[in-house]
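Since the structure comes first, as structure tokens, the remarks are kept for the end.
The values are calculated or read from the model by the stated rules, or taken from the named source; none is laboratory data. Keep in mind that this is a model prediction, so the values were computed, not measured. Glycine also receives a Cβ, built like all others from the backbone with ideal geometry; neighbour counts cover every protein chain displayed.
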Amino acid sequence: MNDKNALNDLVRQNAITWLLRQRDEDMTDQDWADFTTWLEQDPLHVTYYDEAVEADADLAILGAKIAETRPDHGDDDSDDSVVSIPVAANSNQPWWIGFGALAAMLLAAVVFWPNSGAPEFANLQTGLGEIREVTINSSVSLTMNGNSELSVNEKDATVRMVRGEATYRVDSDEPGALRVEIEELVLVDYGTVFNVIRGEGTMRMAVVEGAVMINPEGQRILISAGNEIELQLDDMSFSQRTIDGDSVLAWQGRRLVFEDRSVASVIADIERNFATHISVSNAIEQQRVTGAVSLANEEAIVIGDVAAVLGGTAQKDAQGWSISD
């Protein structure tokens, strides 16, 4: 699944799942209500559901034609459950090619149904320096920073952060419209805008609007607007501080603003935007950083600006860049 169409593919799969569920005698009134809600969430849901219905009808017609071509074996002992699929002469292509990808997906869903219990996630990735807007549903959207990877379950509005940075926006009066998972850590929104960075063994989250509950079934740590938490994923230890919301989201305008940040986190932010490695001297590594740099310039200029903020100089080397005092 390519990045551009990942969510569309997931919508298509959900449409097929709903179509197959409607054949189930156990489909309840609540299930029908949930289906109607899903259908009304986005015009794209209607489009793909209609396509699934049409593809299903095409497959039914094909099935009837296949049955007509089966020879009458009388009373022989052959297995009637085995159907020979007609193939055009001199053709090595699968028989469903003429029906397109949607019909093939529907056929696969029928063959392996039921298996819709496990949530389906679309994998989304961004390249270095790439910023991408993603809409999950009418109430939830996100912005991915460069060199980031997420897995998104559109149906349940659940995001699993694999690496990188993303800003989440939730326009809903009901808490819990979005769930973000980072390993065993769970973030649940309380009508909010918040920014999350998944690092090596760490999670840094800044809440710009509303509030976010961390592990609502466990520690229940509530972070309100204007605050940032940096948490260690192994032992759940954390520290908090106040932040400026505009500074937190400045990366979406190709700027980085640092307020009392560790050098390691600053370097990680820079490396997320350029295909390079940056090392720093021990003396510089111990600093806390306050300052700003523009990402609109070339790599050498940006890293030179970072070095100046750190009070050092940058040198190009075989591994990338080194910054020393």
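Which residues, taken from the stretch 255-270, are among the charged types (D, E, K, R) and surrounded by 18 or more Cβ atoms within 10 Å (Cβ to Cβ)? First the steps, then the outcome.
If we filter the stretch 255-270 for residues that are among the charged types (D, E, K, R), which is where we start, we get 255, 259-261, 269.
Once the filter is applied, which keeps residues that are among the charged types (D, E, K, R) and surrounded by 18 or more Cβ atoms within 10 Å (Cβ to Cβ), the stretch 255-270 yields ARG261, ASP269.
Looking across the stretch 166-186, the residues that are in a strand (DSSP E or B) and more than 23 Å from GLN219 (Cβ to Cβ) come down to THR167, ARG169. Within the stretch 259-315, the residues that satisfy the criterion of being within 32 Å of the chain's Cα centre (by Cα), farther than 19 Å from VAL248 by Cα and hydroxyl-bearing (Ser, Thr, Tyr) are THR276, SER279. Contact map, the stretch 146-157: first residue touching a residue at least 12 places away in the same chain (Cβ under 8 Å), second residue buried (at least 20 other Cβ atoms within 10 Å of the Cβ) and in a loop (DSSP other than H, G, I, E, B), Cβ cut-off under 6 Å, separation 6 or more or different chains; pairs are GLY146/THR126; GLY146/ARG272; GLY146/ASN273; ASN147/ARG272; SER148/THR126; GLU154/ILE136; ALA157/ILE136; ALA157/LEU178.
Within 27 Å of GLU183 (Cα to Cα), in contact (Cβ under 8 Å) with a residue 60 or more places away in the chain and surrounded by fewer than 13 Cβ atoms within 10 Å (Cβ to Cβ): is that true of ALA275 in this structure? The answer is yes for ALA275. Residue count for the stretch 191-226 satisfying the condition of being closer than 23 Å to SER139 by Cα, crowded, with 16+ Cβ neighbours inside 10 Å and polar (S, T, N, Q): 2. Please go through the stretch 279-300 and pick out each residue that is surrounded by 14 or more Cβ atoms within 10 Å (Cβ to Cβ) and either without any contact (Cβ under 8 Å) to a residue 12 or more places away in the chain or closer than 24 Å to MET205 by Cβ (or both). GLU285, GLN287, VAL289, GLY291, VAL293, LEU295, listed by residue number.
Among the criteria (1) modelled with pLDDT of 90 or more; (2) within 21 Å of VAL248 (Cβ to Cβ); (3) surrounded by fewer than 18 Cβ atoms within 10 Å (Cβ to Cβ), the one GLY176 does not fulfil is (2).
The number of residues in the stretch 196-227 being outside any loop (DSSP other than H, G, I, E, B), closer than 21 Å to MET144 by Cβ and among the small types (Gly, Ala, Ser) comes to 1.
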